[in-house]
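J.: This is the structure, below, for whatever I ask next.
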Protein chains: 2
Amino acid sequence: MRRVDVVVVGAGLAGLSAARSLAGEADVLVLEARDRVGGRTVGHTFPNGCSVEMGGQWVGGAHTELLQLTGELGLETFPTYDEGAGLTVLDGQRRQWLDETIGLPDSTAREIGRVTDSLGALAERVDLNAPWRVPEAEALDQRTVESWLSEATADPLAQAYFRVITPAVFAAETHEVPLLHFLFYVRSGGSLDYLVTTAGGAQESRIVGGTHRICEEIAAGLGSDRVILDAPVDAIEQDADAARVIHGGDVTEARRVIVTLPPALAGRLRYRPSLPSGRDTLTQRYPMGRVIKVQLLYDEPFWRTEGLNGQVLSFDDPIATTFDNSPPDGRCGVLMGFAEAEHARRLGQLDLATRRRSVVDCMVRFFGPRARNSRDYVELDWTAEEYTRGCYGGRPAAGVWTGYGSTLTEPIGRIHWAGAETSPVSNGYMDGAVRSGLRAAAEVLTS
Amino acid sequence: MRRVDVVVVGAGLAGLSAARSLAGEADVLVLEARDRVGGRTVGHTFPNGCSVEMGGQWVGGAHTELLQLTGELGLETFPTYDEGAGLTVLDGQRRQWLDETIGLPDSTAREIGRVTDSLGALAERVDLNAPWRVPEAEALDQRTVESWLSEATADPLAQAYFRVITPAVFAAETHEVPLLHFLFYVRSGGSLDYLVTTAGGAQESRIVGGTHRICEEIAAGLGSDRVILDAPVDAIEQDADAARVIHGGDVTEARRVIVTLPPALAGRLRYRPSLPSGRDTLTQRYPMGRVIKVQLLYDEPFWRTEGLNGQVLSFDDPIATTFDNSPPDGRCGVLMGFAEAEHARRLGQLDLATRRRSVVDCMVRFFGPRARNSRDYVELDWTAEEYTRGCYGGRPAAGVWTGYGSTLTEPIGRIHWAGAETSPVSNGYMDGAVRSGLRAAAEVLTS
């Protein structure tokens with residue numbers, strides 16, 4: 001039996017940030033279920049050497065803890081390609097846009113702005129450390145974005161916009177997201193506009209070489225004896241003397257344990273003593289979003305020469321959002337797209353060849369016949385990933401924030417909780433994951 | 001390593017019914033996490049020898065598979081005490097009733113009847129084997145009972161009635177239950193009236209000695225070498241040759257495995273190969289209901305002499321429903337009550353003494369000062385039970401029936417699924433558990 005001060009469960013951004021923060025002051029061991037570090041960040045390198053992210057990939061200026069970390073690791077950022085016109089696809093029509101109307105009728109664009117402002121005003125009242133304290137919290141928590149939407153605006157096109165944007169942000173449908181969580185998340189991320197914006201928003205920058213390099217660099221710094229791969233944790237026991245983390249046939253004893261898994265997966269570990277009912281009730285009601293991320297490789301970013309920035313918002317298609325994901329030198333072109341929520345479910349039921357055809361068909365509708373000549377196709381269905389089971393993150397069911405919200409982060413004995421879902425700031429984002437790791441590390445040090 | 005034909009995971013009604021059905025034709029082994037059989041049926045014996053059920057307890061005439069089983073086991077039923085007036089408590093007033101108005105104004109009683117009928121008409125269209133095939137299934141699945149309720153009736157008291165009845169049936173609030181699941185459940189159980197009725201309904205009869213005797217008798221018949229207690233299953237592996245069920249340090253090899261855990265708990269086992277994303281998505285979105293069952297022991301069933309049947313429906317109190325749970329000979333009195341859904345959460349946060357006081361206060365408001373003189377108090381908070389984590393059962397989140405419903409019962413390789421949640425008939429009830437066990441056993445035999 002190995003003995004350390006702190007075991008960290010999960011070698012994603014939260015876990016490795018925590019371990020890095022603790023490494024100088026405590027003997028820390030990170031246990032990772034997969035054969036790689038990175039969690040929801042993972043790279044793919046095309047045969048031509050071009051590398052793309054199959055998971056979290058963007059850094060916004062507000063992501064200050066993430067930027068601080070990447071800076072310290074010597075990683076560089078570059079701007080997400082954002083030159084030229086965006087496309088909105090609606091009723092089979094392709095609308096180019098350069099301004100905030102995103103190609104919609106002025107009246108609808110104004111209505112979207114008005115509704116976004118009123119959402120923002122509601123969100124302003126949410127205490128990020130205790131969303132359950134907002135006035136009328138229970139009423140906000142017991143209704144969904146969908147039920148609010150039909151009251152918020154009578155403009156069907158504005159409603160449709162929020163039904164496209166909600167999956168783009170939450171990988172969940174409007175009927176799956178409690179209004180209180182929507183408000184919390186918007187405030188946690190800055191604003192709805194910030195979350196859906198490229199330059200000046202949450203999609204502003206990328207990391208040279210890919211975001212998976214962040215975890216790889218931290219793990220390399222910790223040393224291979226402090227990060228154990230292929231070590232899925234089965235159980236965590238604790239008593240007055242110590243905690244014991246059981247993984248396969250091995251047991252590691254520690255004074256403190258930081259669990260960085262999203263709530264749904266943290267709830268699948270076995271605990272001795274078993275966890276209080278409130279915590280367990282929460283983990284039963286915190287499902288992961290559903291998303292398939294796809295990337296198509298082209299000889300060149302041909303859409304750029306046509307004045308397009310590669311960004312699509314489609315009201316019609318299973319791939320509802322796309323981005324130009326080409327490498328910084330533009331030596332080849334990559335179009336990246338997301339199938340989210342119900343789109344992910346439907347695409348996920350197809351066989352690979354049919355799904356690829358469906359994705360290419362979307363790209364052809366968006367970018368014309370040259371989009372058919374892709375050199376390669378890669379995809380990642382995050383719901384099929386045993387050790388994540390969905391992206392972008394977990395979200396609470398109705399009534400969870402107000403009934404059980406405090407159990408999301410409250411330590412239970414020697415167990416501390418981290419992960420992007422636990423961060424008051426940048427909740428669900430890589431920056432939130434880093435923040436949660438630093439917070440949990442600080443908890444451990446003061447305990 | 002032990003080798004058998006079939007491993008059954010869980011020694012509740014589903015698992016033991018399956019094992020009993022298979023025992024003559026296959027070598028079957030039941031693995032049970034607890035130190036007892038029975039699952040969601042469990043008895044408590046007061047110091048005076050009077051026995052009560054802390055879990056599932058009633059048998060209705062429609063529960064034909066359960067009645068067949070108890071008959072074969074030589075167990076006898078007796079009628080739930082139902083003589084005299086019921087009580088409805090509303091706005092601090094106690095209303096006695098003997099008829100279907102349940103003490104509400106005639107106009108509201110009629111309105112409740114009308115809404116119940118329209119619910120029934122909707123429910124009639126649901127195919128119990130494929131609820132996702134009902135017309136407009138997605139729309140019904142994406143809204144909650146709460147959102148439907150405000151459209152179904154403008155009578156605030158009728159609305160309030162459904163907000164009391166829904167927790168009584170689902171141990172969940174109206175905003176937690178998708179309308180499609182409500183309709184499915186009502187049709188699966190017969191009708192909403194059947195589900196909430198004592199004589200002639202789902203609460204008609206009780207088992208002499210308690211419902212836990214059913215599983216005890218089956219287990220005794222199987223023999224102690226076929227039911228292993230204290231054997232929580234960790235993982236299930238399968239390949240072309242066999243399945244291996246891992247529990248603690250032991251491995252049992254089998255040709256088939258029947259998992260009877262409710263979906264939320266089944267999702268917490270580890271599977272090799274890991275389960276398809278659809279099945280996992282479902283288990284993330286199938287939380288258990290929340291209920292605390294309480295029982296107060298009295299020297300005699302004093303309410304009977306006052307012409308009361310012991311049944312309360314309270315619009316005001318944390319204990320919203322009560323029953324006379326006295327033994328068949330009436331030699332002592334037992335009042336049983338439920339705190340469900342949000343009531344269970346709030347009561348669950350109190351310490352035991354305060355909660356007991358709160359429960360007794362309810363009984364005093366319902367049955368007068370004599371209710372204060374209880375001899376004993378027992379309770380079971382099912383959300384705190386590690387190997388159940390909630391009652392009466394699991395329910396799907398919005399979109400789960402239409403998106404992933406088939407994965408509730410579809411075998412995955414050598415793994416078959418049972419449990420009350422998987423039954424088209426009497427879903428969520430003991431009868432449904434038995435039916436699911438028989439169905440899974442039949443699947444195994446024909447495979």
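The values are calculated or read from the model by the stated rules, or taken from the named source; none is laboratory data. Just so we're clear, the structure is a prediction, and the values are computed from it rather than from any experiment. Positions of Cβ are generated from backbone atoms using ideal geometry, with glycine treated the same way; all protein chains shown enter the neighbour counts.
J.: Please list, ordered by first then second residue, the pairs with beta carbon atoms under 7 Å, 6 or more apart or interchain, first in region B:175-189 and within 14 Å of chain A (Cβ to nearest Cβ) and farther than 13 Å from B:ARG125 by Cβ, second in a helix (DSSP H, G or I) and among the β-branched types (Val, Ile, Thr).
T.: Close Cβ pairs (under 7 Å, with a partner that is in a helix (DSSP H, G or I) and among the β-branched types (Val, Ile, Thr)) amount to B:VAL177/B:VAL145; B:VAL177/B:THR166.
J.: Still on this structure, I have one more. Looking only at residues in region B:383-405 that are among the hydrophobic types (A, V, I, L, M, F, W, C) and within 30 Å of B:ARG143 (Cβ to Cβ), which one is nearest to the chain's Cα centre (by Cα)?
T.: Restricting to residues being among the hydrophobic types (A, V, I, L, M, F, W, C) and within 30 Å of B:ARG143 (Cβ to Cβ), the top hit is B:CYS391.
J.: Turning to a different aspect of this structure: For region B:129-152, which residues satisfy the criterion of being surrounded by 13 or more Cβ atoms within 10 Å (Cβ to Cβ) and not in a helix (DSSP H, G or I)?
T.: B:ALA130, B:VAL134, B:GLN142, B:ARG143, B:THR144
J.: For region A:221-257, what are the residues that are touching a strand residue (DSSP E or B) at 6+ places or on another chain (Cβ under 9 Å), more than 14 Å from every other protein chain (Cβ to nearest Cβ) and outside any loop (DSSP other than H, G, I, E, B)?
T.: Answer for region A:221-257, where residues must be touching a strand residue (DSSP E or B) at 6+ places or on another chain (Cβ under 9 Å), more than 14 Å from every other protein chain (Cβ to nearest Cβ) and outside any loop (DSSP other than H, G, I, E, B): A:LEU222, A:VAL227, A:ILE228, A:GLN238, A:ALA243, A:ARG244, A:VAL245, A:THR252, A:GLU253, A:ALA254, A:ARG256, A:VAL257.
J.: For B:GLY390, state whether it is within 22 Å of B:THR41 (Cα to Cα), among the small types (Gly, Ala, Ser) and within 14 Å of chain A (Cβ to nearest Cβ).
T.: It is true that B:GLY390 is within 22 Å of B:THR41 (Cα to Cα), among the small types (Gly, Ala, Ser) and within 14 Å of chain A (Cβ to nearest Cβ).
J.: Which of (1) under 19 Å from the mean Cα position of the chain (by Cα); (2) assigned to a strand (DSSP E or B); (3) more than 14 Å from chain B (Cβ to nearest Cβ) is the odd one out, the single condition A:LEU380 does not satisfy?
T.: (3)
J.: Can you say whether B:LEU195 is within 14 Å of chain A (Cβ to nearest Cβ) and in a helix (DSSP H, G or I), as far as the supplied structure shows?
T.: no
J.: Here are B:ALA18, B:ALA33, B:ALA26, B:ALA11: which of them is hydrophobic (A, V, I, L, M, F, W, C), within 29 Å of B:ALA235 (Cβ to Cβ) and surrounded by fewer than 19 Cβ atoms within 10 Å (Cβ to Cβ)?
T.: Of the residues listed, the single one that is hydrophobic (A, V, I, L, M, F, W, C), within 29 Å of B:ALA235 (Cβ to Cβ) and surrounded by fewer than 19 Cβ atoms within 10 Å (Cβ to Cβ) is B:ALA26.
J.: Taking B:THR260 as the residue in question, decide whether it is buried (at least 20 other Cβ atoms within 10 Å of the Cβ), over 29 Å from the mean Cα position of the chain (by Cα), away from chain A (no Cβ under 14 Å) and within 17 Å of B:ASP5 (Cβ to Cβ).
T.: When the stated conditions are applied, B:THR260 does not pass them.
J.: Could you list, in sequence order, the residues of region B:337-356 that are of a type in the set (S, T, N, Q) and more than 18 Å from A:GLU138 (Cα to Cα)?
T.: Across region B:337-356, the qualifying residue is only B:THR354.
J.: Would you please name the residue that is surrounded by the most Cβ atoms within 10 Å (Cβ to Cβ), looking only at residues in region B:218-243 that are without any contact (Cβ under 8 Å) to a residue 24 or more places away in the chain and charged (D, E, K, R)?
T.: This residue is B:ASP239.
J.: Residues of region A:198-220 being touching a strand residue (DSSP E or B) at 6+ places or on another chain (Cβ under 8 Å) and either within 14 Å of chain B (Cβ to nearest Cβ) or part of a loop (DSSP other than H, G, I, E, B) (or both), which ones?
T.: Within region A:198-220, A:THR198, A:ALA199, A:GLN203, A:GLU204, A:VAL208, A:GLY209, A:GLY210, A:THR211 meet the criteria.
Results for (1) out of contact with any Phe, Trp or Tyr (no Cβ under 9 Å at 6 or more places or on another chain); (2) modelled with pLDDT under 95; (3) small (Gly, Ala, Ser), shown as yes or no for each residue.
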site: B:ALA235; (1), (2), (3): no, no, yes
site: B:LEU269; (1), (2), (3): yes, no, no
site: B:THR281; (1), (2), (3): no, no, no
site: B:LEU297; (1), (2), (3): no, no, no
site: B:PHE315; (1), (2), (3): no, no, no
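J.: Now, a different point. Could you list, in sequence order, all residues of region A:43-97 that are touching a residue at least 24 places away in the same chain (Cβ under 8 Å) and among the polar types (S, T, N, Q)?
T.: Once the filter is applied, which keeps residues that are touching a residue at least 24 places away in the same chain (Cβ under 8 Å) and among the polar types (S, T, N, Q), region A:43-97 yields A:ASN48, A:SER51, A:GLN57, A:THR64, A:THR70, A:THR77, A:THR80, A:THR88, A:GLN96.
J.: Turning to a different aspect of this structure: Scan region B:320-330 residue by residue and report those that are of a type in the set (D, E, K, R) and in a strand (DSSP E or B).
T.: Matches in region B:320-330: B:ASP324 only.
J.: Right, another one. Can you run down the residue pairs with Cβ atoms below 9 Å, 6 or more apart or on separate chains, where the first is in region B:393-422 and closer than 23 Å to B:ALA235 by Cβ and within 14 Å of another protein chain (Cβ to nearest Cβ) and the partner is of a type in the set (Asp, Glu) and not in a loop (DSSP other than H, G, I, E, B)?
T.: B:GLY394/B:GLU421; B:THR407/B:ASP280
J.: Turning to a different aspect of this structure: Does at least one position in region A:386-404 carry a residue that is on the phi > 0 side of the Ramachandran plot and in contact with a strand residue (DSSP E or B) (Cβ under 6 Å, 6 or more places away or on another chain)?
T.: Scanning region A:386-404, I find at least one residue that is on the phi > 0 side of the Ramachandran plot and in contact with a strand residue (DSSP E or B) (Cβ under 6 Å, 6 or more places away or on another chain), so the answer is yes.
J.: Of these, A:GLY333, A:GLY310, which one is free of Cβ contacts under 8 Å to residues at least 40 places away in the same chain, touching a Phe, Trp or Tyr at 6+ places or on another chain (Cβ under 8 Å) and not polar (S, T, N, Q)?
T.: Result of the check over A:GLY333, A:GLY310: A:GLY333.
J.: Among residues belonging to region B:45-85 that are small (Gly, Ala, Ser) and surrounded by fewer than 23 Cβ atoms within 10 Å (Cβ to Cβ), point out the one that is nearest to B:ARG95 (Cα to Cα).
T.: Looking at residues that are small (Gly, Ala, Ser) and surrounded by fewer than 23 Cβ atoms within 10 Å (Cβ to Cβ), I get B:ALA85.
J.: Out of the residues in region A:331-369 meeting the condition of being among the polar types (S, T, N, Q) and assigned to a helix (DSSP H, G or I), tell me which one is surrounded by the fewest Cβ atoms within 10 Å (Cβ to Cβ).
T.: Per the criteria, the residue is A:THR354.
J.: Just name the residue that is farthest from A:ARG285 (Cα to Cα) out of those in region B:263-289 that are buried (at least 24 other Cβ atoms within 10 Å of the Cβ) and among the hydrophobic types (A, V, I, L, M, F, W, C).
T.: Taking the candidates together, the pick is B:LEU275.
J.: Select from region A:266-306 the residues that are more than 7 Å from chain B (Cβ to nearest Cβ), among the basic types (Lys, Arg), in contact with a Leu (Cβ under 9 Å, 6 or more places away or on another chain) and closer than 28 Å to B:GLU340 by Cβ and list them in ascending order.
T.: Selection gives A:ARG279 alone.
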